[in-house]
Amino acid sequence: MAEETTFNNLKKGLLELLDGYPSYRYFGKIEFYLRETKSSLNVLEKDGIIEFASQKEAEELNKKLTPEIWTQLKAEGKKAPIWYRLASKGVDLAISMINLEHSERMIEHSKKTNRLTNWIITLTIILIIFGVIQTIFTIL
């Protein structure tokens, strides 16, 4: 089992953001997985992984929020959500993470295949030896 690291938590958040790319803007997805929310978002934005919504977009998106969400945000001590979406580097990073996961699985399958191949080679050698011994006894 993989240990829970910040990068693994970020991976989960980015994969959720990737599901809605490019048309959706989110708030709270990455914050759910990473504990240091504001500084993490700033680092991700500086690295080009996410991009923040403009003030105008944020106002339009805030109008679509339900009263329950506003109540929850106020309970958490937030005035308004921070809207963001994946940037092109974020998409590349999320896809690389998916590819890494698939390659790790391929390595495991490759190891199993290699073990089975060695078993088949060993069995073949044993059968050839038995065949040669049987042929010698038949001739004698």
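Scan segment 13-25 and give yes if some residue there is surrounded by 12 or more Cβ atoms within 10 Å (Cβ to Cβ) and part of a strand (DSSP E or B), otherwise no. No; the residues of segment 13-25 include none that is surrounded by 12 or more Cβ atoms within 10 Å (Cβ to Cβ) and part of a strand (DSSP E or B).
So which of E76, E51 ends up being at pLDDT 85 or above, within 16 Å of G28 (Cα to Cα) and under 32 Å from the mean Cα position of the chain (by Cα)? Working first, answer last.
Working: E76 fails: at pLDDT 85 or above.
The unique qualifying residue is E51.
Out of the residues in segment 73-106 meeting the condition of being farther than 23 Å from N9 by Cα and not basic (K, R), tell me which one is surrounded by the most Cβ atoms within 10 Å (Cβ to Cβ). Give the steps one after another, and end with the answer.
To start, the set of residues in segment 73-106 that are farther than 23 Å from N9 by Cα comprises 74-75, 77, 79-80.
Narrowing further to those that are not basic (K, R): 75, 77, 80.
Working: A75: 8, G77: 6, A80: 14.
Out of the qualifying residues, it is A80.
Is one or more of the residues making up segment 116-127 in contact with a Pro (Cβ under 8 Å, 6 or more places away or on another chain) and not acidic (D, E)? No, segment 116-127 has no match at all. Considering the conditions (1) part of a helix (DSSP H, G or I); (2) touching a Lys or Arg at 6+ places or on another chain (Cβ under 9 Å), I82 is excluded by exactly one of them, (1).
Name the residue that is nearest to the chain's Cα centre (by Cα), counting only residues in segment 29-48 that are surrounded by 11 or more Cβ atoms within 10 Å (Cβ to Cβ) and charged (D, E, K, R).
Here is the first cut: in segment 29-48, the residues surrounded by 11 or more Cβ atoms within 10 Å (Cβ to Cβ) are 29-34, 36-37, 40-45, 47-48.
Those still in the list that are charged (D, E, K, R) too: 29, 31, 36, 45, 47.
Working: K29: 14, E31: 16, E36: 20, E45: 19, D47: 18 Å.
So the residue we want is K29.
The values are calculated or read from the model by the stated rules, or taken from the named source; none is laboratory data. As the structure is a computational prediction, the values presented were derived from the model and not from experiment. With ideal geometry, Cβ positions are generated from the backbone for all residues, glycine too; neighbour counts draw on all protein chains shown.
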